[in-house]
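First the structure, in the form of structure tokens, and then the observations on it.
The values are calculated or read from the model by the stated rules, or taken from the named source; none is laboratory data. Keep in mind that what you see is a predicted model, and the values were worked out from it rather than measured. Glycine gets a Cβ as well: all are built from the backbone with ideal geometry, and neighbour counts include every protein chain shown. Side chains are part of the model used for accessible areas, which takes the heavy atoms of the whole protein and leaves out ligands, DNA and RNA. Shrake-Rupley method; radii C 1.70, N 1.55, O 1.52, S 1.80 Å.
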Amino acid sequence: MIGGLLLDLRHAARLYLKTPWQSALAVVMMAAAMALVSGMASVWSELYQPTPAGVDSGDDLVTIGPRAEDMFGGTLGAGAIKDFASSSQILTGLTGESGFSRLPETDIDGRPVDGQAAPVMPGYFELLEPRMRLGRGLRAEDFADGGARVMVLGHGFWQDHFGGDTGVVGREVTVGEDQWRIVGVLAPEFNGVGAPKFHFWAPYESYFRLIQTGIPAEMIDRIPMWKIFGRNSGRVGTAAIEAELDRFLEQQPPAEQAMAPEPGELMAISGLVENPRAHRSAQRQVTMLLIATVLIALVAAVNVGIFLLARAPARQRELALRQTVGATRRRLAGQLLVEAAVLVVLGSALGILLSIWLAAGFRELRFLEGAAFAGDWLNLPALGFSAMLAAVFTLLVALLPIITLARRTLSDGGRQFSARPGLFQHAAGLVQLGLAGLIAAAATGFMAHLWILEQRDPGLSTEGILAAGVTFREPPTGQFQPPADAATWAYREAVRERLLALPGVEAVSFGSPLPGERMTAISRYTIDGETVTARIVNVAPGFIELLGIDLLHGRDFESAGEPGVIISRRFAEKAWDETDVVGRTVWQDQSNPDDERGRILGVIDDVNYEHPDEPPGPLVLSSRSGFGAFMTATLIRGNPDRERVEEVINTALQTHLDLLHVDKVRPVADIVAELTAKDRARGRVTGLFGLVIVLMTAFGFFAMQRFLVDAGRRETAVRMAVGAGPRSIRGHVLMQGIRLGAPGLVIGGLLALIVVAWLTNEGFVTDSVSPAVIGGGVAAGLLALMLLASLQPAVSAGRLRPGDLLKEE
Amino acid sequence: MNEPTRPLIRLRDLKRIYTTEQLETHALDGIDLDIDDGEYVAVEGPSGCGKSTLLSVLGLLDEASGGEYRLAGVPVTDIDAEEQARLRNREIGFIFQSFNLIPEMTVRENVELPLIYRGGLTTTARRQAVDEALARVDMSARAEHRPAQLSGGQQQRAAIARALVGKPSLLLADEPTGNLDSASGERIMQLLDELHADGSTLVMVTHDPDYAARAGRRVRMKDGRIDTDGSVAA
């Protein structure tokens, strides 16, 4: 038994080493298929069961969050959440964790603390049931009477600040000026649902008293700042939850509606996640990628099948011979199974290694930013399932020569005259080319989309321009008043003068928001009954020239704070159907006819200010004073030392605006490039998938053609004997390839068309990408691929020596 | 029987050597042979003596390793593969021991194959030539059958039709009766006799002395060389 097994193993090793490249390719393909599927399935399964580490509360939790990207935290206030909780027929245990979590500089027991704390609503600990290291979580009584001064410590904070003292529970600590009581310490794995690591968890009302926002107590319940969690007790789909939410929002009293989102602006998602919108987007994209990996795996499986079946005719003679010397069919099946098992073991071993690497790599994909991943390890059931599928498929295909053998007599074993593509070859061609068309089209669509975005002329130049943004040293508290304009203008003058003295600085100006920053203020103007919605950018003199924006009419601002506006071509055309509108006004204060603030000083060409995928909209440049001017970023053209730039600006800020400091100095081009980072990541991943499937298809098609040529050598020899030259034979093989691939080519082209149209419709790919062009291009590419893959078999068939073959009687 | 008129085949010191890593086999070891137009030559000899290799080289299915081979005065050892294919198509007809009909094609399609590769013929012209060839071997009734539906003798007659459809100047037959019973074999031999009588040059490899005796000339090979070469006594 063991001896026989060893013999079979030795034979399998010899067999695979006889064609080392093909064998290695089969192993790599099997491993790649397994790794792609299990790696992506790991990511997928986590995205569909997202629960933060350390939470034991089951899988029927839901998160409610804003549907739009630019709704800052905007969900519901605590009061509205409580109202919704009492009216909901679906959700129970509704609670919230606030994104308003930054601690002001404070101290606990005299030691300064700077970081994040989690204000939470009642029911948070009851719903999530996070694992505790010591003590308890917050209870209903901690929220009574405006909130008790109690806190639950995060594990890291407990270790760092309290030295891991196990007697900490029940201890009173001084936080700022008040006494707080520690009631528990969380287990190390739980850090809250939000992205930051929290120092401690506290009843929300107590927390707001601590950070002294100056917000009146009655307003705190109305601030829509919550990530909302609840239990889907009705076990319904998220659409039903969203419908219930919309009904609730419609019924809000008018006074509340000003603060609350509109119906349709909130979304629900299964699981506990930081950012439901990003998470749902990630789910959709990962689902698409999972489908793509499954399709790639299918092509890989077909290829492994081709690899194994290609050996079948050549092995008929060997198997027949073994039968003549007494091998039973069972014994031969055993031998073939051992051979297949060697392939499966090698492929699986490599597949597991690749899976671990890929599962981690997939989580880092840029377009999955914001999605919640609980674990960072491979999903073992997914790996096991894909390995099992690979094994079953390989073993089944490996046994096919035995079935074929049953149809032959011993005497004609190995004698094959001609080969025509059979059902397997036709199906393989259809599957491979069809799927290659689908995936390659998606990849081409994404890459074309990216290329178009990167080629678009934004109407301004960001190359060689640095931006130094500013931020508050400390978050402002209470009623914030910006400094007087004089301080801002003095600061700007000081910065401009000092920066221009730095080596490498060519020009300096100020503006905010920067190109590519999605924080533009929007204003509506009504001109002659026509409403124009425009984005407003606060700028200083020189901004237009520094960014290379074309000034079509009029002039730039001449001094900081100068009244008037500069508008874009689109604005002018929309309001007046012409561009030379200098001197007109975009708005006028009826009570003050001399007000110059709305007068148009100049008209610039259209610029794509926010995102390359969005058409340039009406734009208004203003040099207004106040908060907008105070917070503007500094723009520097040239290549100065960034540290020196930061130093110069910080020095000027300390002198004139000491509330602020430099946030970071970075190229404006990087900010713009950041906008297409997700598109680039998608382009790269799908491009890689496209490349893999195209290579696999090429290999599979080549192997099929090679098999048909090898199996049909005798027929080729006869054709040569009756006068077919090498050219005719090559043509015959190429035509055979075209006939074999034609159905797949048609299906692949159609699928390419459909998938690009769908991706365009779903907003993944810009409208500028034509599905017909991509579909046609992919079909042409696949045809070229087929011919290329058939070329070597065709050439080899043309070089056949018919004499030797026809003598083999 | 036609009188020989001019040399159709001229071989001088023809060699075919098969080389492997360990071994060099001289399948043809310096063959000198002239075959005139219209001759009927039987090539005999024990297994492995080089008969089939000689036929392959004569039919341009295999290349000589050395020496000279002229077919109708053309030095074929120097021409490229496409030109060799053209010569095979126009000047040579093959008859194999195992028939070598393409199983997926009908008899008509098999017989038509050389004319398709020749090119330049209309469908009607091809059809007419195929009909004539099939009639010549008495296979018209089986034109639409596939090889698997025919007996061995019928398959060989279809193969002969394919060999002569292009009206070649040389017919090469490698053990044409080797896979047939004696009655069928006799019928094939009669057909070959008739073809020769009609002017075809015929070179036939055979083990059977009776069939060899029907040829006008018997060439006996041994160890890759020509052992004896002479006319058949009446």
Exercise for the section: Go through the range B:71-91 and give me each residue that's surrounded by 17 or more Cβ atoms within 10 Å (Cβ to Cβ) and more than 8 Å from chain A (Cβ to nearest Cβ). Expected result: B:Leu71, B:Val76, B:Thr77, B:Leu87, B:Glu91
Fill in the blank from the handout: Among helices (runs of 4 or more DSSP H) entirely inside the range A:484-599, those with 3 or more residues being among the acidic types (Asp, Glu) and either outside the structural domain of A:Ser622 (by TED's automatic domain parsing) or open to solvent by 10 Å² or more (accessible area, probe 1.4 Å) (or both) are A:485-500
Problem - Filter result (within 23 Å of A:Glu643 (Cα to Cα) and touching a helix residue (DSSP H, G or I) at 6+ places or on another chain (Cβ under 9 Å)) within the range A:518-554 - result: A:Leu547
Exercise for the section: Starting from residues that are open to solvent by 20 Å² or more (accessible area, probe 1.4 Å) and not in a helix (DSSP H, G or I), keep the ones in the range A:419-440 and report whichever is modelled with the lowest pLDDT. Expected result: A:Arg420
Exercise for the section: Determine, yes or no, whether A:Leu800 is within 14 Å of another protein chain (Cβ to nearest Cβ) and in contact with a strand residue (DSSP E or B) (Cβ under 9 Å, 6 or more places away or on another chain). Expected result: no
Completion exercise
Of those in the range B:102-116 that are under 22 Å from B:Leu192 (Cβ atoms) and facing chain A (nearest Cβ under 8 Å), the residue surrounded by the fewest Cβ atoms within 10 Å (Cβ to Cβ) is B:Leu113
Problem - Flag for B:Glu194 being outside any helix (DSSP H, G or I), open to solvent by 30 Å² or more (accessible area, probe 1.4 Å) and not hydrophobic (A, V, I, L, M, F, W, C) - result: no
Practice task
Name the single residue, out of those in the range A:37-54 being at pLDDT 80 or above and over 17 Å from the mean Cα position of the chain (by Cα), that is least open to solvent (accessible area, probe 1.4 Å).
Solution key: A:Ser38
Problem - From A:Ile536, A:Ile544, residue being modelled with pLDDT of 90 or more and under 30 Å from A:Gly638 (Cα atoms) - result: A:Ile544
Fill in the blank from the handout: Checked the range A:708-728 for anything among the hydrophobic types (A, V, I, L, M, F, W, C) and within 7 Å of chain B (Cβ to nearest Cβ); matches are A:Val718, A:Met720, A:Ala721, A:Val722, A:Ala724
Exercise for the section: State yes or no: is A:Pro743 at pLDDT 90 or above and within 14 Å of chain B (Cβ to nearest Cβ)? Expected result: no
Exercise for the section: For A:Val620, state whether it is among the β-branched types (Val, Ile, Thr) and over 19 Å from A:Ser523 (Cβ atoms). Expected result: no
Practice task
Select the helices (runs of 4 or more DSSP H) contained entirely in the range A:660-774, then report the ones holding at least 3 residues which are of a type in the set (A, V, I, L, M) and open to solvent by 10 Å² or more (accessible area, probe 1.4 Å).
Solution key: A:668-675, A:677-711, A:726-761
Practice task
Tally the residues that are at pLDDT below 90 and touching a strand residue (DSSP E or B) at 6+ places or on another chain (Cβ under 6 Å), restricting the search to the range B:144-167.
Solution key: 1
Exercise for the section: Among the candidates B:Ser140, B:Ser184, B:Ser98, single out the residue that is open to solvent by 50 Å² or more (accessible area, probe 1.4 Å) and not hydrophobic (A, V, I, L, M, F, W, C). Expected result: B:Ser140
Practice task
Could you list, in sequence order, all residues of the range A:110-132 that are buried (at least 21 other Cβ atoms within 10 Å of the Cβ) and more than 32 Å from the chain's Cα centre (by Cα)?
Solution key: A:Pro122, A:Gly123
Handout entry: Residue match in the range B:45-63 (condition: β-branched (Val, Ile, Thr), more than 13 Å from chain A (Cβ to nearest Cβ) and crowded, with 24+ Cβ neighbours inside 10 Å)
Key = no
Practice task
Quickly run through the range A:217-256 and pick out the residues that are under 29 Å from the mean Cα position of the chain (by Cα), in contact (Cβ under 8 Å) with a residue 40 or more places away in the chain and under 28 Å from A:Ala118 (Cα atoms).
Solution key: A:Pro224, A:Met225, A:Trp226, A:Lys227, A:Ile228, A:Phe229, A:Gly230, A:Arg231, A:Asn232, A:Thr238, A:Ile241, A:Leu245
Fill in the blank from the handout: Those residues of the range B:6-30 which are away from every other protein chain (no Cβ under 14 Å), open to solvent by 50 Å² or more (accessible area, probe 1.4 Å) and not in a loop (DSSP other than H, G, I, E, B) amount to B:Pro7, B:Arg10, B:Arg12, B:Asp13, B:Lys15, B:Glu24, B:His26
Handout entry: the range B:178-205, subset within 14 Å of chain A (Cβ to nearest Cβ) and modelled with pLDDT under 90, residue nearest to B:Ser56 (Cα to Cα)
Key = B:Gly178
Exercise for the section: Within the range A:713-758, track down each residue that is among the β-branched types (Val, Ile, Thr) and in contact with a helix residue (DSSP H, G or I) (Cβ under 6 Å, 6 or more places away or on another chain). Expected result: A:Thr716, A:Val722, A:Ile729, A:Val733, A:Ile747, A:Val755, A:Val756
